[in-house]
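Beneath this line is the structure, given in structure tokens, with notes to follow.
The values are calculated or read from the model by the stated rules, or taken from the named source; none is laboratory data. Predicted model, so just to flag it, every value in this text is computed and none were measured. FYI the Cβ positions are ideal-geometry reconstructions off the backbone, even for glycines, and counts take in every protein chain you see. Side chains included, ligands, DNA and RNA excluded: accessible areas come from the protein's heavy atoms. Shrake-Rupley method; radii C 1.70, N 1.55, O 1.52, S 1.80 Å.
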Amino acid sequence: MSPYVLILGGTTEARRLAAVLAARPGIRVTTSLAGRVSRPGALDGEVRVGGFGGPDGLASWLREERVDAVVDATHPFAATITGNAAAATAAARVPLLVLRRPGWQSGPGDRWHPVPSLESAAAALPALGRRVFLTTGRLGLAAFAGLTELSFVVRSVEPPEPPLPPHTHVLLARGPFTVADETALLREHRVDVLVTKDSGGAATSAKLAAARDLGLPVVVVRRPPLPEGVTVLPDVPALLDRLEAVLARPGGRS
């Protein structure tokens, strides 16, 4: 029987991994998407959309489908999914590999203000600026809804979910973005503080360079911690090397 790999995906890395695995003869690959984006784009291999019913549901699915390995390639802030994957794979005795791009690192000239949560980011804003470029995605914006004295430019791939701050201008766009584009946007909207999650990667990092060039403060929401004991790989090549070793074990499973 061909090895069966489940990718919990949606990220650029998940797509790249699915393309590589689907092109390899003798490997079956399914990418599972949460279904929060209405037009996720084409994916190689099989695609599954929707939840599993928590860790118990995922564990049952892994057993029934006889999955040999799970790769969590979700967004670094998808803490619930990652926690469920860790619990489910442990229960089903299926190897789990977590693919996480490295986080961003501040450098000379950066004015970063690291915070642990969106609520902490909202609390920090009044002391830093009045016109906010908010790039934390379309979920969780309720944390900023009470900041009635500030003006927000909110950028997300799809329309954000209410409640929103009362003075909000929404930009619908998907990266990658250039430093020139981000600089022009910050100047056009007279932004004086940027808020972002530490998503890592190059697709949306240009805003950080633009903020640095303009001398703007940046509120950076730190990533949630990973479950204890999970195997974390920083990129697709490293993940593929480890996955090959996992699938080469007798029976594939741990």
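Worth pointing out:
- Applied to region 53-60, the Karplus parametrisation 6.51 cos²θ - 1.76 cosθ + 1.60 on θ = phi - 60° returns per-residue 3J(HN,Hα) values of x, x, x, 5, x, 5, 4, 5 Hz, with x for Gly and Pro.
- Annotation: per residue accessible area for region 37-139 equals 47 Å², rounded to a whole number [probe 1.4 Å, protein chains only].
- Protein accessible area in the chain, 1.4 Å probe - carbon and sulfur %: 53
- Near the amide H of Arg111, within less than 5 Å, lie the amide hydrogens of Val218, all on another chain or at least 5 residues away, with H placed in the peptide plane.
- Rounded to the nearest Hz, the phi-derived 3J(HN,Hα) couplings of region 81-88 under the Karplus curve 6.51 cos²θ - 1.76 cosθ + 1.60 (θ = phi - 60°) are 4, 5, x, 5, 5, 5, 5, 5, where x marks glycine and proline.
- For the pair Val49 and Ala90, label points projected 7 Å from Cα toward Cβ lie 3.3 nm apart.
- Distance between the pseudo-spin-label points of Arg66 and Glu149 (7 Å out from Cα toward the beta carbon): 6.5 nm.
- Extended-chain gain in nm, criterion 0.36 nm per residue less alpha-carbon gap, Thr178 and Ala124: 16.7 nm
- Built amide H within the under 5 Å cut-off of Val154, gap 5+: Leu134, His169, Val170, Leu171
- Amide H partners (placed H, <5 Å) of Trp104, local residues excluded: Gly200
- One chain, two ends: Arg24 and Leu171. Fully extended at 0.36 nm per residue, the span grows by 49.0 nm beyond their Cα-Cα distance.
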